[in-house]
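Written out below as structure tokens is the structure these notes cover.
The values are calculated or read from the model by the stated rules, or taken from the named source; none is laboratory data. These numbers come from a predicted model, not from an experiment. Cβ sites come from the backbone with ideal geometry, for glycine too, and all protein chains shown count toward neighbours.
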Amino acid sequence: MVRVTLNRPDVRNAFNEQVVAELTGWAENITQTTAGERARVAVLAGAGKTFCAGADLGWMSTMIDYSFDDNVRDAAAMAAMFDALDTLPIPLIGRVHGAALGGGSGLAAVCDIVVASDDATFGFTEAKLGILPAVISPYVVQKIGVSAARELFLTAARFPAVRAREIGLVHAVVPERELDAAIDGYVRELLTSAPGAMTGAKHLIAAVANGIPADLVDVTSETIARHRVAHEGQDGMRAFLEKRKPGWVE
């Protein structure tokens, strides 16, 4: 397991250009751990009392004087960061405590699994500032659906972890003292799944999410065939029949 921590607790782990660049770089190089071994699970957390409070106030103050083209370049960099996290080849678990506001809730949306403390607060608060959660919207709408997005984007209201779980933004809600234990449980479960199969499953979900089943027959048939004949599939099926552990399980 590899862990990345937003480490700006003095500003509630808010985004600025440096954070965006560093998270993008981390996501693009996640296949290697510091030990040189391939990482199989990643956990995204925040230092201090808050997961991520959105955009840094100092960064926002510079945006006021940006031209349209400046804003496009700035937003494109953030969009690239969210895309890199969303398409991570390994499972990404979000560890959310305190607040996840604006882009912080966007981070939750690109995590495969999110565990939140029961006192965590979420919100797509951009409309309160006269702007929109545009860059994160593809991931958020896919995660929570159009109906919830209409309510929460328009009101820009904050909402608790239990509501976040109800709409699919969060998968587990526990007392903060139990966050790490809950995440460890997910990690143990993920490590029993084949690495290539998990990567393939992420690609498959993206490919079929908005498709019509009849139009996806070739894609799904070829996908399962490819994984059945691959080394992992062969080892996994033989291990099941031989009542032994497959090679990827320690």
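Of all residues assigned to segment 19-30, none qualifies as being more than 17 Å from Leu107 (Cβ to Cβ), surrounded by 14 or more Cβ atoms within 10 Å (Cβ to Cβ) and of a type outside the set (Phe, Trp, Tyr). The set of residues in segment 53-72 being charged (D, E, K, R) and surrounded by 13 or more Cβ atoms within 10 Å (Cβ to Cβ) consists of Asp56 alone. Return yes or no: is Gly48 more than 24 Å from the chain's Cα centre (by Cα) and touching a residue at least 24 places away in the same chain (Cβ under 8 Å)? No: the conditions fail for Gly48.
Of the residues that make up segment 234-247, is at least one in a helix (DSSP H, G or I), within 21 Å of Leu88 (Cα to Cα) and either under 19 Å from the mean Cα position of the chain (by Cα) or touching a residue at least 40 places away in the same chain (Cβ under 8 Å) (or both)? No: zero hits. So, in segment 137-155, exactly how many residues are small (Gly, Ala, Ser) and within 23 Å of Met81 (Cα to Cα)? Selection size over segment 137-155: 3.
For the condition crowded, with 21+ Cβ neighbours inside 10 Å, in a helix (DSSP H, G or I) and either at pLDDT 95 or above or basic (Lys, Arg) (or both), Lys143 qualifies.
Yes or no, residue by residue, for (1) hydroxyl-bearing (Ser, Thr, Tyr); (2) free of Cβ contacts under 8 Å to residues at least 40 places away in the same chain:
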| residue | (1), (2) |
| --- | --- |
| Gly58 | no, no |
| Asn71 | no, yes |
| Thr87 | yes, no |
| Gly98 | no, no |
| Ala109 | no, no |
| Ser117 | yes, no |
| Glu126 | no, yes |
| Ile131 | no, yes |
